[in-house]
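To keep things clear, I will list the structure first and then write my remarks on it.
The values are calculated or read from the model by the stated rules, or taken from the named source; none is laboratory data. Note that the coordinates shown come from a computational prediction; the quantities given were computed from them, not determined experimentally. FYI the Cβ positions are ideal-geometry reconstructions off the backbone, even for glycines, and counts take in every protein chain you see. Ligands, DNA and RNA are excluded from the accessible area calculation, which covers all protein heavy atoms including side chains. Shrake-Rupley method; radii C 1.70, N 1.55, O 1.52, S 1.80 Å.
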Amino acid sequence: MKHEYDIVIVGAGLAGLRAAVEIGGDTRVAVLSKVFATRSHSGAAQGGIGAALGNEEEDHPEWHMFDTVKGSDYLGDQDAIEILTEDAPRAIYELEHLGVPFNRTREGKIAQRAFGGHTRQFGAAPVKRACYAATRTGRVILDTLWEQSLQKGVAFYDEYQILSLIIRDGQCGGVVAYELATGKLHTFHSQAVLFATGGAGKIYKTTSNAFASTGDGMAIAFRAGAPLEDMEFVQFHPTGIYKLGILISEAARGEGGILLNNDGERFMERYAPVIKDLAPRDMISRCMLEEIRAGRGIRGQDYLHLDLTHLGQAVIESKLAEIASFARTYAGADPVKDPIPVQPTCHYMMGGIATDADGRVVVDRAGTPFPGLYAAGECACVSVHGANRLGCNALLDTLVFGRRAGIEMQRYIRATGSPHRSAEPEKKDADRLRGLMESKGRERSGRIRAEMQATMMDKVSVFRVQDGLRAAVAKIKELQERYPQIAIQDKGHCFNRDLLDAIELGHMLDLAEVIILGALYREESRGAHSREDFPARDDTRFLVHTLFGYDAIRGPQIFTKPVKITRFQPQERKY
Amino acid sequence: MKCSFTVYRFDPAVDKKGRYQEYTLEAERTDKILDCLNKIRWEQDPTLAYRFSCAHGICGSDAMVINGRIELACQKLVKDFKTGNNFVIEPLPLFSVIKDLIVDMNPFFAKHRHIRPYLITAGKALAEEFLQDAAQQAVIEPALRCILCASCTAACPINRANGEYLGPAALLRAFRYIFDSRDAATDSRLVQIDSPEGVWGCKSMRWCTDVCPKGIPVTKCLGQIKRLVKQRAQGPSREPRP
């Protein structure tokens, strides 16, 4: 089936919907999502969204900018970070006016709380900067933006899996998608496409991410010629529920929760004497693994305790409601009385499709745009998070850059003619799916996926070392070779999850390879990328973004580009 | 330990009506029911269809009937059931089945859209927030827990008898906006649902409240709307009419 729109947005999380709200009404917009829109993974975001409103105490966008730059371990582009933090208060007021039910201060203003790495006066002490709605901040923003999009007449294609971009003469002119309910292919012709497809945590065995977070947009854009930037920076959130990876928000520590080792010691005091348990995520995850390695995990095992018992029932029920329920349901721990068993869990991709601050996908060092192709949110790399994202900056990123991408796309489609139509753009995908469905191989995607997840968890997570990375890249190549032997056992066309699993796996294998190659190249430790064989940051060699371009024959090809430094010169990162 | 799963199956390409299929698998006491379904799909039968995504009770994809009761498959563990490791898994009632445990949610979301699920305000310059005190917000707090999983609406006996009834989920969302102190359309919202298909469809049978996986007191919230509708009929309007 063929469809025609001005703009197609892929992904119905916060970045996609923020763009849709911006341009819906004036422009014919379709939003495609592999899950029903309100099931998008933005809804799982718990703790808050950062903005220097100063509602609780003095705060300034400049302080927020500094914290973000320092949190990024000086790899974030400072011009983009300045846009992010300056625009943050406006973005929050806008959400509030659209109906988002933020918690309130006694005066009735938007309440704010402390979060990791957010400080006053350039690192002096923690500051209350995170605006929040209990621990369901992402969920209520997602619902609000979805409802606004409906009101604006945005067309939703829920449960459509994107397969490829339609590209003609180097210009993007739509997408090909697979309708889960019928197995039919659909072509969506448009003048511009925005990828807002989220993260890829499912590459790892233990993750806070949803099953849908398989990096489809990053992988499809990569194969279409868009470089991936800084993919080696993968965030492990310190507090995932032990063995399950389900997120316990940093808000738990923002409200006063502390991490304890087996001796009952608040060990973060030793590593980050100033802000302690509110140090950035990369640092806390490393410290936790150091404690476990030193034999101070709980009962000598590979987890620690997150203790909220001193906060009292009232705070836990009113400000941390969802996570209290998660702890009770999944860990059998009542946070009012018991500590919660936690370990680091794969949470966020700092890297992604290289874009500029207006959401344009860029293809080279000079920032040449890929005509008609845009990206925003976790799948994009602007880069505002650099080597490590601060908590509360992800939601902010989606809103600020989702909106900016929307504005820029609207400008672009008015200034540019329609791309030439490709003849039968869906044919390649139809052939590929037929090949998968008819394969007589003996492989199962579940088996390959499990091996990939175990390899990435074991060798490419918080700590990395050259031998391990080399072994990992060899393993991923082996899995890529086995991939074409996957046989789809479900021969049906209605909600064929077996086929979807195989498609997603192909995307994840591409991304896993780039993550490892980036980690091998970067012979230093910076932010979330920690090389045991190169424990120091090396600004002489590696104060650069790593980018990989797709090459079907030679494999991913690396190039670098300089980091934009405007106001804050790199210095040692201590908390 | 060994568990037996009896799962409702329906493939529109071959089945004229639903059937049940049995699977036996090894599961831990702490496995989620969703983990068990995944194990069946990955290890035994890749054709089994059901919705899922976040796997921790926040996206609202996997409401289904487990041993006769509506639950989220990702929020219930094997050990939560006292049925001798035997499980019967069926799709949500009320909605038509597309395949296996996947139902057609379009009628559900159509009713959601019907209640104007967005804040209506007189408009305010974008320089600051609306003030709202914590007590005002506490009124709508229960409704903010809603994840649109449709458990309540599927459970409601009135909905099964009267397809026109908006149902608890849509009315709960109406409640969320009616009682939001920032919303300026209270009066017209109340008029819109002052009918047997609206809030008076609710006979306070509480099935919605019983099944809600987020513990929302749905019946109580709907009761608050009813009281406000009655007050409006008796007293002065909260919203000036043109």
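Determine, yes or no, whether A:VAL342 is β-branched (Val, Ile, Thr), farther than 15 Å from A:ALA80 by Cα and open to solvent by 10 Å² or more (accessible area, probe 1.4 Å). It would help to see each step written out before you state the result.
On the way: β-branched (Val, Ile, Thr): yes; farther than 15 Å from A:ALA80 by Cα: yes; open to solvent by 10 Å² or more (accessible area, probe 1.4 Å): no.
When the stated conditions are applied, A:VAL342 does not pass them.
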- [ ] Please tell me if A:PHE534 is away from every other protein chain (no Cβ under 14 Å) and buried (at least 18 other Cβ atoms within 10 Å of the Cβ).
- [x] yes
Open item on the list: Suppose the filter is modelled with pLDDT of 95 or more and among the acidic types (Asp, Glu); does B:GLU90 pass it?
Closed with: yes
- [ ] Go through region A:87-109 and give me each residue that's more than 7 Å from chain B (Cβ to nearest Cβ) and buried (at least 18 other Cβ atoms within 10 Å of the Cβ).
- [x] A:ASP87, A:ALA88, A:PRO89, A:ALA91, A:ILE92, A:LEU95, A:VAL100, A:PHE102, A:ASN103
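Just to check your reading of the model, which residue among B:ARG206, B:ARG182, B:ARG227 is charged (D, E, K, R), modelled with pLDDT under 95 and either within 25 Å of B:GLU129 (Cα to Cα) or out of contact with any Lys or Arg (no Cβ under 7 Å at 6 or more places or on another chain) (or both)? Break it down stepwise before answering.
Numbers: B:ARG206 fails: modelled with pLDDT under 95; B:ARG227 fails: modelled with pLDDT under 95.
Answer to the check: B:ARG182.
Quick grid of which residues meet (1) of a type outside the set (A, V, I, L, M, F, W, C); (2) part of a loop (DSSP other than H, G, I, E, B); (3) touching a Gly at 6+ places or on another chain (Cβ under 7 Å); (4) not assigned by TED's automatic domain parsing to the domain that holds A:ASP431:
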| site | (1), (2), (3), (4) |
| --- | --- |
| A:LEU165 | no, no, no, yes |
| A:VAL176 | no, no, no, yes |
| A:ALA210 | no, yes, no, yes |
| A:GLY217 | yes, no, yes, yes |
| A:GLY225 | yes, yes, no, yes |
| A:GLU232 | yes, yes, yes, yes |
| A:GLN235 | yes, no, no, yes |
| A:PRO238 | yes, no, no, yes |
| A:GLY256 | yes, yes, no, yes |
TODO: Name, by its number, the condition in (1) at pLDDT 95 or above; (2) open to solvent by 10 Å² or more (accessible area, probe 1.4 Å); (3) within 14 Å of chain A (Cβ to nearest Cβ); (4) farther than 25 Å from A:PHE326 by Cα that does not hold for B:THR6.
DONE: (3)
Open item on the list: Could you check region A:285-339 and list, in sequence order, the residues that are away from chain B (no Cβ under 14 Å), crowded, with 21+ Cβ neighbours inside 10 Å and within 21 Å of A:ALA133 (Cβ to Cβ)?
Closed with: A:LEU308, A:ILE316, A:PRO335
Open item on the list: Only one of A:ALA181, A:ALA200 is farther than 26 Å from A:VAL21 by Cα and touching a strand residue (DSSP E or B) at 6+ places or on another chain (Cβ under 7 Å). Can you tell me which?
Closed with: A:ALA181
Open item on the list: If a residue must be farther than 24 Å from A:ALA212 by Cα and open to solvent by less than 10 Å² (accessible area, probe 1.4 Å), how many such residues does region A:1-26 contain?
Closed with: 2
Open item on the list: Can you find a residue that is touching a Phe, Trp or Tyr at 6+ places or on another chain (Cβ under 8 Å) and over 30 Å from A:ALA125 (Cβ atoms) anywhere in region A:38-49?
Closed with: yes
Open item on the list: Return the residues of region A:445-478 that are of a type in the set (A, V, I, L, M, F, W, C) and in contact with an Asp or Glu (Cβ under 6 Å, 6 or more places away or on another chain); say none if nothing qualifies.
Closed with: A:PHE463, A:VAL465, A:ILE476
- [ ] Residues being facing chain A (nearest Cβ under 9 Å) and either modelled with pLDDT under 95 or out of contact with any Cys (no Cβ under 6 Å at 6 or more places or on another chain) (or both): count how many of those fall in region B:19-37.
- [x] 1
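Filter region B:117-168 down to the residues that are of a type in the set (D, E, K, R) and touching a Lys or Arg at 6+ places or on another chain (Cβ under 7 Å), then identify the one that is farthest from the other protein chains (Cβ to nearest Cβ). Steps first, answer last, please.
Within region B:117-168, the subset of a type in the set (D, E, K, R) is B:124, B:128-129, B:133, B:141, B:145, B:160, B:164.
Going one step further and asking which of them are touching a Lys or Arg at 6+ places or on another chain (Cβ under 7 Å), we end up with B:129, B:133, B:145.
Details: B:GLU129: 4, B:ASP133: 5, B:ARG145: 7 Å.
Here the residue is B:ARG145.
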TODO: Enumerate the helices (runs of 4 or more DSSP H) found wholly within region B:82-173, keeping only those where 2 or more residues are open to solvent by less than 10 Å² (accessible area, probe 1.4 Å).
DONE: B:106-114, B:134-144, B:151-155
TODO: With the condition kept exactly as written, say whether any residue in region B:30-50 is surrounded by fewer than 17 Cβ atoms within 10 Å (Cβ to Cβ) and assigned to a strand (DSSP E or B).
DONE: no
TODO: Give region B:174-199 a look and list any residue that's open to solvent by 30 Å² or more (accessible area, probe 1.4 Å) and assigned to a helix (DSSP H, G or I), or say none.
DONE: B:SER188, B:VAL191, B:GLN192
